[in-house]
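Accompanying notes for the structure given below.
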C-alpha cells in the first residue's frame, strides 16, 4: 500500500484513488467498488438489494398519491415534493408485514407518517390557516366531510395584496401494494382503486371576516359494488382496509380588481390532514 509524503493531505476519493489515514500514516489505495453482478447476486449485498426493492416500492406508492392529487400537486408542490413523499412512503413500508425487501406497502400501517405532510416544504398550511379542521365520513366512506369551526383568515404579511382566500380540499385513494416476484416490482393489490382523486373548493371568501362554519364535502371516486339482491345480503359492502384515503386541505389567496380575481402564487399551502 503506497504511503504519501505530500504536504497536502486530502481525505476522500479522486479519480478512483482513495486517500485516508491509517495507523497515523497517510496512505492511498485504488478504490474497488462492487460490480453490478456482485450487487445483484452476492449474498453479502442482500441488504442492499432489499433496500433497493423497497425504495422502488416507496416511489410507486408516492406516485399513486400524486396521481390522485392531480392538478393540486402542480399547484402547491415544491421541486422536491416527490422525493420527500417517497421518503415518507419508505418509512411506511418499513412497518409492513413480510421479509425485508418484500414488505407490504400499506398507508394504513403508519397513517401518522403522512398527517401534517406539506406539499411545499416552506409554505406551512397551519401557519397560514388558523383553524383546525375535522374530518368525518359515513359508514362506507362514500362522503368525506371536512368541517372548519369559526375562523378569521388574515392576509399574508409583506407585499401581498390579498383580499380573498379559497379553500381547496382533495382526496387521493391508494391501494396497498405487494411485492410481485414475477415482475420484480411492487404492484397494487387493487389497481382499480389506486391513484384516484376528487377535489372540492369553497367560493372566494373575504379575508378579515369571520366565518362560523365552513364545510367541504368530497365524494369518494371508488363506488361500492352492492349485492344484486340487497335483502339477502348478510355481508354489507364496506370500504376495503386495503385501500387508504388520504385527505388534503389547502388554501390559496386572491386579490380582486373590479370583478376579476387574480391568484397570489407565492401565498398558498396544502397539507395532508387525515388518512382514512
Test: residue in region 149-168 that is within 19 Å of the chain's Cα centre (by Cα) and buried (at least 17 other Cβ atoms within 10 Å of the Cβ): yes
Yes/no for residue 18 being modelled with pLDDT of 75 or more and either exposed (fewer than 11 other Cβ atoms within 10 Å of the Cβ) or part of a strand (DSSP E or B) (or both): yes
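Yes/no matrix, rows are residues, columns are (1) closer than 25 Å to residue 263 by Cα; (2) outside the structural domain of residue 151 (by TED's automatic domain parsing); (3) surrounded by 15 or more Cβ atoms within 10 Å (Cβ to Cβ):
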| position | (1), (2), (3) |
| --- | --- |
| 66 | yes, no, yes |
| 82 | yes, no, yes |
| 88 | no, no, yes |
| 116 | yes, no, no |
| 121 | yes, no, no |
Residue in region 34-67 that is modelled with the lowest pLDDT, counting only those that are outside any helix (DSSP H, G or I) and over 30 Å from residue 85 (Cα atoms): 42
Some residue of region 239-253 being touching a helix residue (DSSP H, G or I) at 6+ places or on another chain (Cβ under 6 Å), part of a loop (DSSP other than H, G, I, E, B) and either modelled with pLDDT of 95 or more or more than 30 Å from residue 51 (Cα to Cα) (or both): no
Filtered residues of region 175-222 (kept if within 23 Å of residue 63 (Cβ to Cβ) and in a loop (DSSP other than H, G, I, E, B)): 176, 181, 182, 183, 184, 189, 190, 194, 195, 220, 221, 222
Total residues in region 136-148, condition assigned to a loop (DSSP other than H, G, I, E, B) and in contact with a strand residue (DSSP E or B) (Cβ under 9 Å, 6 or more places away or on another chain): 3
Checking residue 265 against (1) more than 22 Å from the chain's Cα centre (by Cα); (2) modelled with pLDDT under 95, the condition it does not meet: (1)
Criterion violated by residue 200 - all others in (1) surrounded by fewer than 20 Cβ atoms within 10 Å (Cβ to Cβ); (2) farther than 14 Å from residue 68 by Cα; (3) at pLDDT 80 or above satisfied: (2)
Total residues in region 149-172, condition under 17 Å from residue 214 (Cβ atoms) and in a loop (DSSP other than H, G, I, E, B): 4
So residue 56, is it touching a residue at least 60 places away in the same chain (Cβ under 8 Å), farther than 28 Å from residue 134 by Cβ and exposed (fewer than 15 other Cβ atoms within 10 Å of the Cβ): no
Selection status of residue 112, more than 18 Å from residue 169 (Cβ to Cβ) and surrounded by fewer than 18 Cβ atoms within 10 Å (Cβ to Cβ): yes
Enumeration of residues in region 123-135 that are assigned to a loop (DSSP other than H, G, I, E, B), surrounded by fewer than 18 Cβ atoms within 10 Å (Cβ to Cβ) and in contact with a strand residue (DSSP E or B) (Cβ under 7 Å, 6 or more places away or on another chain): 124, 130, 131
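The values are calculated or read from the model by the stated rules, or taken from the named source; none is laboratory data. Treat the numbers as computed from the prediction; the structure is a model and nothing was measured. Don't worry about glycine lacking a Cβ; one is built from the backbone with ideal geometry, like all the others, and counts go over all protein chains shown.
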